[in-house]
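Asks: Starting off with a structure, shown below.
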Amino acid sequence: MFKTQAETQEFLTGFLPSLQETPSEREVILCPPFTDLSVLSKSLHGSLVQLGAQNVHWEESGAYTGEISGPMLVELGVRYVIVGHSERRQYFGETDQTVNLRLKAAQKHGLTPILCVGETKQQRDAGETESLIIGQLEQDLVNVDQDNLVIAYEPIWAIGTGDTCETIEANRVIGLIRNQLKNPNVPIQYGGSVKPNNIDEIMAQPEIDGVLVGGASLEPASFARIVNYQ
């Protein structure tokens with residue numbers, strides 16, 4: 001929950017010029033709050049950057065105050081949507097069942113969902129990382145098209161804590177996730193305290209296809225360094 005429309009425009013002014021050196025095969029997706037989607041949709045037209053949203057409801061319309069539907073996002077030029085982010089699960093009662101409904105709704109409307117999975121500190125300390133993530137995937141991906149999907153592994157204990165998951169461990173867990181999928185070509189990202197000073201090491205790992213960036217994406221130069229990793 002960052003950036004007004006004016007702040008978003010200011011961010012783009014600082015960020016977009018840095019994409020001139022970005023390889024064309026790299027995909028860059030900005031997922032702002034709903035209030036910024038319209039201004040971004042206009043400003044990003046013709047650029048390397050795709051537009052994503054932070055959530056989507058499973059119904060097309062109805063008495064769901066505070067929610068947003070697939071058709072509403074599509075109308076604004078949104079192509080991607082984050083589903084099941086750890087903060088949604090932790091603070092807003094998101095379950096694997098509602099995540100599954102949201103994933104299917106996103107795909108129904110032509111959006112590519114970015115499914116987030118990951119464990120808490122307590123679950124990791126109890127040795128439950130593998131069983132928890134396998135369980136999340138089994139429930140979340142029921143009747144979901146794996147040809148139109150991105151997955152993000154976000155160890156919840158590493159988000160905003162500065163406590164980054166070791167890159168070798170992140171690579172191992174992402175390999176585990178890939179082994180659970182019917183489609184091994186699903187792009188799998190790592191998310192959790194991704195910063196300019198660790199991006200090169202993260203992206204050198206063979207299983208990691210990309211990153212889901214939180215705090216480090218709020219400042220143009222910081223995010224540009226991540227996008228233009230070496």
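The values are calculated or read from the model by the stated rules, or taken from the named source; none is laboratory data. These figures come from a predicted structure and were not determined experimentally. Positions of Cβ are backbone-derived with ideal geometry, glycine not excepted, and every protein chain shown enters the neighbour counts.
Asks: Can you pull out every residue in region 119-136 that is among the hydroxyl-bearing types (Ser, Thr, Tyr), part of a helix (DSSP H, G or I) and at pLDDT below 95? Lay out the reasoning, then the answer.
Replies: Step one: of region 119-136, the residues among the hydroxyl-bearing types (Ser, Thr, Tyr) are 120, 129, 131.
Now drop any that are not part of a helix (DSSP H, G or I), which leaves 129, 131.
Within region 119-136, no residue meets the criteria.
Asks: Okay, next question. If the Cβ limit is 6 Å and pairs must be 6+ apart or interchain, which residue in region 177-198 that is at pLDDT below 95 and of a type in the set (Gly, Ala, Ser) pairs with which residue that is outside any helix (DSSP H, G or I) and surrounded by fewer than 16 Cβ atoms within 10 Å (Cβ to Cβ)?
Replies: Note: pairs meeting the criteria are Ser193/Gly162.
Asks: May I pose another question? Which members of region 208-230 meet the condition of being of a type in the set (D, E, K, R) and surrounded by fewer than 17 Cβ atoms within 10 Å (Cβ to Cβ)?
Replies: Glu219
Asks: Kindly indicate whether any position in region 32-49 is of a type outside the set (Gly, Ala, Ser) and closer than 19 Å to Pro187 by Cβ. Full working, then the answer.
Replies: The first filter runs over region 32-49 and keeps only residues of a type outside the set (Gly, Ala, Ser), leaving 32-37, 39-40, 42, 44-45, 48-49.
Narrowing the set further to residues that are closer than 19 Å to Pro187 by Cβ leaves 48-49.
Yes, region 32-49 contains at least one residue that is of a type outside the set (Gly, Ala, Ser) and closer than 19 Å to Pro187 by Cβ.
Asks: All but one of (1) out of contact with any helix residue (DSSP H, G or I) (no Cβ under 9 Å at 6 or more places or on another chain); (2) part of a helix (DSSP H, G or I) hold for Gln139, so report the exception by its number.
Replies: The single condition Gln139 does not satisfy is (1).
Asks: Hey, could you check region 3-25 for residues that are outside any helix (DSSP H, G or I) and loosely packed, with under 15 Cβ neighbours inside 10 Å and say which is nearest to the chain's Cα centre (by Cα)?
Replies: My answer is Glu25.
Asks: Something else: Which residue pairs have Cβ atoms under 6 Å apart, sit 6 or more places apart or on different chains, and have a first residue in region 89-114 that is closer than 16 Å to Ala53 by Cβ and a second that is at pLDDT 95 or above and in a helix (DSSP H, G or I)?
Replies: Listed pairs, sorted by first residue: Glu94/Arg88; Val99/Asp140; Ala105/Gly70; His109/Gly70; His109/Val74; Pro113/Leu103; Pro113/Ala106.
Asks: Any residue in region 127-155 that is closer than 19 Å to Ile82 by Cα sitting within a Cβ distance under 8 Å of a residue that is among the aromatic types (Phe, Trp, Tyr)? List the pairs, counting only those 6 or more apart or interchain.
Replies: Ile133/Tyr153; Val150/Tyr80; Ala152/Tyr190; Tyr153/Tyr190; Glu154/Tyr190
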